[in-house]
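Have a look at the structure below, then the notes.
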Amino acid sequence: MNSLDEIFDSITDSPIFKDREKLLPDYIPERLVHREQELTRLAQTLAVALRGERPNNIFIYGLTGTGKTAAVKLVTRKLSDRASTRGVRLYPVYINVRQRDTPYRVMSDIAETIGLRIPFTGLATSEVFRRFMAKAKRLRGIMVIVLDEIDFLVKKHGDDILYKLLRANEELENFKISIVGITNSISFVENLDPRVKSSLGEEEIVFSPYNAQQLNDILSERASLAFKDGVLDDDVIPLCAALAAREHGDARRALDLLRVAGEIAERQGDRKVTSRHVMAARIEIERDRVVEIVRTLPMHGKLVLAAVTAMTRGGKNKTTTGEVYDYYRKLVARLGIEEVTFRRVSGIIGELDMLGIIRTRTISRGRYGKTRYIELASSYKPIIDVLAEDSSLEYIARNLEEVINASENSRSL
């Protein structure tokens, strides 16, 4: 019997999990602990759709893992169920615009919700919008469009499509559109075009970070659904909650820690999940997150990240956009490829910041203008390992390691 057969034959009922899926990010529980107030306000705003009225547009913001997406999905799902029983024509559509990352794809998803067939490519976005409006004028009902991570779309492509959707109601008679925008960026709404801001921000709901006790309550409720009785040591849930509370109260992070800790215990053949498994899960999650993101970056994105890694000495220092650009140009020259502009490198830095690989902070220097300081937000070692996977970047990756090691050695002298 080979090793694969042994692995497959060894899979029986889990000694750890009762229902592992209850800990996955896409599971939406029937009850969201410590979000009753936000759920109530969201439901009250959208409920007018049940009498055929257009709900106010809603802008929802808060940090990652504060329950925004789960709350909106739970409310829209229940709203849709109730609309069906009342005979109300409701067209809910949820779009994560980081995944559907162009105005064309966003508009295609919206159009397909009312039965239009849109080709994968070949049309202008304006044509897709025209076809959508032509059909919407012949329909009756309420469409609730949820645009998750809306800041990603606007920063990358501008707010033109958002403006068109917000103004669409002026041309529609029996079909009305309500938009729910979700973002992790607290300041995003302030940077919108005033016309978009005034229309989108009819209602605003802020999801504040969870504290350690609230995270503890969330994990306890979800653990009762996911784990078999008695498999969690008493300190496991408090530890997961405390670690996640340090990272801005991220419930998603806390649930991932708990799930991966259980998976590690299961793989190791242990009968109980302990704090040792939680700490191992913390290392594994961080490495996997960074690896997945860096691996999907285009070439110039990898080179800009390599420059940030070098200039910050693996996260020990801060650097500036100008310093990163200078180092990036050296890397491009070494590879013999065409460089992108300073403006594009600045944009890539912003994208890396949104992805959580780096952190940026803009500081005003009075009459000398503004300076953006950049630091690495994750361990440099997974970054170097992923860069080294690309044969054309392997030399650069190893050189980075030498630069960082030399810096660390000089500090210890």
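The values are calculated or read from the model by the stated rules, or taken from the named source; none is laboratory data. In this text, all values refer to a predicted model and were calculated from it rather than measured experimentally. Cβ atoms come from the backbone with ideal geometry, glycine included; neighbour counts cover every protein chain shown.
How many residues does the range 298-313 contain that are of a type in the set (A, V, I, L, M, F, W, C), over 13 Å from ILE349 (Cβ atoms) and touching a helix residue (DSSP H, G or I) at 6+ places or on another chain (Cβ under 7 Å)?
1
Just to check your reading of the model, which residue among LEU39, LEU32 is in a helix (DSSP H, G or I), within 25 Å of ARG222 (Cβ to Cβ) and at pLDDT 90 or above? So that I can check it myself, show each step before the final result.
Details: LEU32 fails: in a helix (DSSP H, G or I).
Every option except LEU39 fails the conditions.
Within the range 221-248, how many residues turn out to be basic (Lys, Arg) and either not in a helix (DSSP H, G or I) or not assigned by TED's automatic domain parsing to the domain that holds THR274 (or both)?
Residues of the range 221-248 that are basic (Lys, Arg), as a first pass: 222, 228, 246.
Subset that is either not in a helix (DSSP H, G or I) or not assigned by TED's automatic domain parsing to the domain that holds THR274 (or both): 228.
Matching residues across the range 221-248 total 1.
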Seminar exercise, completed: Cβ pairs under 6 Å, 6+ apart or interchain, first in the range 280-300 and assigned to a helix (DSSP H, G or I), second among the aromatic types (Phe, Trp, Tyr), ordered by first then second residue, are none
Exercise. How many residues does the range 167-187 contain that are touching a helix residue (DSSP H, G or I) at 6+ places or on another chain (Cβ under 8 Å) and within 24 Å of THR40 (Cα to Cα)?
Worked result: 10
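Restricting attention to the range 368-384, does a residue exist that is aliphatic (A, V, I, L, M), in a helix (DSSP H, G or I) and either outside the structural domain of LEU153 (by TED's automatic domain parsing) or in contact with a Lys or Arg (Cβ under 8 Å, 6 or more places away or on another chain) (or both)?
Within the range 368-384, one or more residues are aliphatic (A, V, I, L, M), in a helix (DSSP H, G or I) and either outside the structural domain of LEU153 (by TED's automatic domain parsing) or in contact with a Lys or Arg (Cβ under 8 Å, 6 or more places away or on another chain) (or both).
Just checking, which of ALA310, ALA254 is small (Gly, Ala, Ser), outside the structural domain of ARG361 (by TED's automatic domain parsing), crowded, with 21+ Cβ neighbours inside 10 Å and part of a helix (DSSP H, G or I)? First the steps, then the outcome.
Working: ALA310 fails: outside the structural domain of ARG361 (by TED's automatic domain parsing).
One residue alone meets the criteria, ALA254.
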For this session: With the condition kept exactly as written, say whether any residue in the range 30-41 is within 23 Å of LEU165 (Cβ to Cβ) and touching a residue at least 40 places away in the same chain (Cβ under 8 Å).
Result: yes
